[in-house]
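The next block holds one structure in the form of structure tokens; read it before the comments.
Every number here is computed from the coordinates shown, using simple stated rules; none is lab data. Given the structure is predicted, the values throughout are model-derived calculations rather than measurements. Glycine also receives a Cβ, built like all others from the backbone with ideal geometry; neighbour counts cover every protein chain displayed.
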Amino acid sequence: MRASEILMRARARIETPAQWAKGWFAWTRNGDRVTSSDPRAVSWCAVGAMHTVGDRPEVRASDYLPARSLLDDAADALAGVDIVELNDAADHATVLEAYDIAASMALSDEAAE
């Protein structure tokens, strides 16, 4: 799976504010902290959303790691922080914007290959 697809799938996981979370990788409907892959999870932080995609067997580390790096680069471009800090300090729209920037960078990198 290409980095751009990883980013787009992870972004889709947190598309709505109800699906997005701060302060932990994932939360249940009852407000309990869980791992990103827990089937009870209903909301994820930006990194937790990446984990839900990255943990799939068809995703290679050689694709996941550049996607995660691009997401950190996008957060840095937006606010001078990494994606973890951006997720917990910014609003939902800004986190989605970081994903959009990262996906655009990934698509550009992939087109140049």
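Estimated from helical segments only, the mean residue ellipticity of the chain at 222 nm is -19000 deg cm²/dmol, where each DSSP H run of four or more residues counts as -39500 (n - 2.57). The list (1) 0.96; (2) 1.28; (3) 0.94 gives values of Rg/Rh (Cα atoms, Kirkwood Rh), and only one came from this structure; which label was calculated from it? Structure-derived value, by its label: (1). The stretch between GLU113 and LEU65, if pulled fully straight at 0.36 nm per residue, gains 15.6 nm over its current Cα-Cα span. For VAL34, the residues whose amide H sits under 5 Å from its own are ALA26, TRP27, THR28, ignoring neighbours fewer than 5 places away on the same chain, with H placed 1.01 Å from N.
Projecting each Cα onto the charge dipole of the chain (Lys/Arg +1, Asp/Glu -1 at the beta carbon, about the Cα centre), which of THR52, LEU65, LEU78 comes out farthest on the positive side? Final value for the positive-end residue is THR52. Evaluated with a Cβ-only charge set (Lys, Arg +1; Asp, Glu -1), the chain carries a dipole of roughly 560 debye about its Cα centre, given to the nearest 20. For the chain, the longest principal axis of the Cα atoms and the long axis of helix 3-13 meet at an angle of about 20 degrees.
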